[in-house]
Amino acid sequence: MRIVVAPDSFGGTLSAREAAEAIAEGWRRSVPAADLRLVPLADGGTGFVEVLHTALGGTVHELEVTGPLGDPVPGSWLQVGDTGYLECASACGLHHVARADRVPAVARTATTYGVGELLADARDRGVRTAVVGLGGSATTDGGAGMLAALGAAPVDTDGLALPPGGAALALCDRLDGRPDLGGMQLVAASDVDNPLLGEHGAAAVFGPQKGADAATVAELDAALGVFAGVLAGTAGRDIRDDAAGGAAGGLGAALLALGARVESGAGLVRRLVGLDAELDAAAGAGGLAVTGEGSFDWQSLRGKLITAVARGAADRGIPCVVLAGQVSVGRREAGAAGVDAAHGVADELGLDASMADPAGTLAELASRVAPQWNR
């Protein structure tokens, strides 16, 4: 029996590779002879570059960039031939902001400037296509910081550059200059399909996890509405309702304004790492797919990685099991997405234990689940 172990990263606790190794270790405790194939995955968010580097090779370029709070942070991107793969979370990820600092003032001012610096480095190294993984950001600035780093700073009616962050965009009149991509084509690898504005938009859905309270969410949504008009001038069309415009705090909208093509982050990674070939082989051996992430919740069912794995398994008539940090999706909803069973580390072993030893408790969960599928 061949088992394809294809998890995403587990929030800020385990990378996708570490999660896959923990699941494999636990599974072998109960089923030593199991034929396990590890295929770490990412859906555009945290771990995007690491997963693709493991699968594709290439060169990882490391540089210091501006973090979401304006301080320097280590950033990186992957070059494979004339294609660059960037992870926005590397520059502006939520992991750069301590939990105690995720407050309204920070949510109002966090910037994507570092993402623009990564793109500029890729441009200067001759990259022809830049694939930007979207997800896990600490920002809600509509990509304004990224545009400024590329030479198109948002300014007010007096031509003065606006301070960093989404709240200041309420005063945006235009972009001063044109973004310099040097002919580089863009692909937005998105983990969500949310639009820029409204109840399903960047501020309303993702702002609270970045520190925004109700008043700040309303402020940011209104400011992004103003900025949407500016982006329309760059795009030559209205992009406010486009799918994925709300990804990464509206960074998706700025990429769309620059002509980016949107592609499912999970689908892109699934193709590049050869997941379908592994699932084909598992189907021929009466196999099983095991996937997981930090929280298996309603957002997991909106085109994210678990859905991609489950559908791939269902297409081949093999079961799919989810091992997650926590599970809040009902059995019926999970089944509709192609998931045959879902188990949460916190639910079965306790939240405190799971946080104290993420890899150990995930391995323990895998060892408990494995006998149920050994055949």
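Values quoted throughout were computed directly from the atomic coordinates according to the rules given, and no laboratory measurement underlies them. Source: prediction; values computed, not measured. Positions of Cβ are generated from backbone atoms using ideal geometry, with glycine treated the same way; all protein chains shown enter the neighbour counts.
Below, the figures for the structure above:
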quantity: Separation in nanometres of the label points that stand 7 Å from Cα toward Cβ, at ALA232 and ASP297; calculated: 3.3
quantity: Estimated Rh, the chain: Kirkwood, alpha-carbon pairs, angstrom; calculated: 20.8
quantity: J(HN,Hα) series, region 202-212, from Karplus relation 6.51 cos²θ - 1.76 cosθ + 1.60, nearest Hz, glycine and proline x; calculated: 4, 6, 5, 7, 10, x, x, 6, 9, x, 7
quantity: DSSP H segments from the chain that extend 20 Å or more along their own axis, Cα-based, with Kyte-Doolittle mean of -0.5 or above; calculated: 214-235
quantity: Region 110-217 - share of DSSP beta bridges that are antiparallel (%, nearest 5); calculated: 40
quantity: Extension gain from ALA214 to GLU348, taking 0.36 nm per residue of separation minus the Cα-Cα distance; calculated: 44.9 nm
quantity: Ellipticity estimate at 222 nm from DSSP helix runs (n ≥ 4, -39,500 (n - 2.57)) divided over the chain, nearest 500; calculated: -11000 deg cm²/dmol
quantity: Approximate spin-label separation ARG28-ASP173, in nm, with each point projected 7 Å along Cα-to-Cβ; calculated: 6.5
quantity: Positive-end residue of SER300, ALA167, ALA281, charge dipole of the chain with Cβ unit charges; calculated: ALA281
quantity: Net lengthening on full extension, MET1/ARG368 (0.36 nm per residue, minus Cα-Cα); calculated: 130.4 nm
quantity: Positive-end extreme of charge dipole, region 60-211 - chosen from ALA110, GLY135, SER76 (charges on Cβ); calculated: GLY135
quantity: ALA153 long-range amide H proximity, modeled H, under 5 Å; calculated: ASP176
quantity: Two-site label geometry, THR59 and ARG128: point separation in nm, points 7 Å out along Cα→Cβ; calculated: 1.7
quantity: Options ALA346, PRO319, THR361, ranked by Cα towards positive dipole end of region 310-375, top entry (Cβ charges); calculated: PRO319
